[in-house]
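**Q** I am attaching a structure below and will ask some questions about it afterwards.
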Amino acid sequence: MDTDFRITGRHVLFTLLGFFLVILAVNMIFLNFAVRTFPGEKEKKSYLQGLNYNDRLASRAAQDALGWSAAIEEAVLTDGTMHLAITMKTRSGAPVNGLAMSAVLSRPADDAQDQPVAFNAIGGGRYETAAPAGPGAWNLDAVAVNARGDEFVFTSRLILE
């Protein structure tokens, strides 16, 4: 069996170029799918938020001056409903009453299940709410405002089982 086929430099060059072109094409397909399914940013105006960073620092300083603290007293999942209780206290430990408290309950990696929740004042600095939720990790982004307009913003990660 006599063959005249020999591997030359051209064969090696075209084989290597073809190999890397296939890898490049597959990587571009994967990159396209990755960016379309999750672009990597939760906030659409992150640049503008960066420009307003000094305003955010000033609002945090004003919040620190209030001396309030928030503690989650209860986060229980029962039959698809989350029962949540938050206690607000002053620096000296006295309850903070008369706040209008609202929040957004969201999944850490999925905006599709975001839902607003409103809290009811129970007394003694305690605020409660109930919202439909499933097991797993949730983010709570809450805002409490008193009658003078002083604002207290806090976030918390909840793990419901």
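The values are calculated or read from the model by the stated rules, or taken from the named source; none is laboratory data. The model shown is predicted, which means the values in this text are computed figures rather than measured ones. So basically every Cβ, Gly included, is an ideal-geometry build from the backbone, and we count neighbours across all protein chains shown.
**Q** Among the candidates 109, 65, 58, which residue alone is at pLDDT below 90, among the hydrophobic types (A, V, I, L, M, F, W, C) and either part of a helix (DSSP H, G or I) or over 18 Å from the mean Cα position of the chain (by Cα) (or both)?
**A** Step by step, each of 109, 65, 58 is checked, and only 58 is at pLDDT below 90, among the hydrophobic types (A, V, I, L, M, F, W, C) and either part of a helix (DSSP H, G or I) or over 18 Å from the mean Cα position of the chain (by Cα) (or both).
**Q** Out of 119, 152, which single residue is more than 30 Å from residue 37 (Cα to Cα) and in contact with a helix residue (DSSP H, G or I) (Cβ under 7 Å, 6 or more places away or on another chain)?
**A** Within the list 119, 152, the selection yields 152.
**Q** Here is a list of conditions, (1) more than 17 Å from residue 161 (Cβ to Cβ); (2) of a type in the set (Gly, Ala, Ser); (3) surrounded by 13 or more Cβ atoms within 10 Å (Cβ to Cβ), and residue 149 meets all of them except one; can you say which number that is?
**A** Among (1) more than 17 Å from residue 161 (Cβ to Cβ); (2) of a type in the set (Gly, Ala, Ser); (3) surrounded by 13 or more Cβ atoms within 10 Å (Cβ to Cβ), residue 149 violates only (3).
**Q** In this structure, does residue 157 turn out to be touching a residue at least 24 places away in the same chain (Cβ under 8 Å) and either in a strand (DSSP E or B) or among the β-branched types (Val, Ile, Thr) (or both)?
**A** yes
**Q** Would you check if residue 107 is surrounded by 14 or more Cβ atoms within 10 Å (Cβ to Cβ) and of a type in the set (Lys, Arg)?
**A** yes
**Q** While we're looking at this one, here's another question. What residue, among those in segment 133-154 that are of a type in the set (D, E, K, R) and part of a strand (DSSP E or B), is farthest from residue 75 (Cα to Cα)?
**A** Of everything passing the filter in segment 133-154, 151 is farthest from residue 75 (Cα to Cα).
**Q** Let me ask you something else. Let me spell it out: the conditions are (1) over 22 Å from residue 109 (Cα atoms); (2) modelled with pLDDT under 85, and residue 47 meets all of them except one. Which number is the exception?
**A** (1)
**Q** Within segment 124-140, how many residues are closer than 17 Å to residue 63 by Cβ and either surrounded by fewer than 15 Cβ atoms within 10 Å (Cβ to Cβ) or without any contact (Cβ under 8 Å) to a residue 24 or more places away in the chain (or both)?
**A** 0
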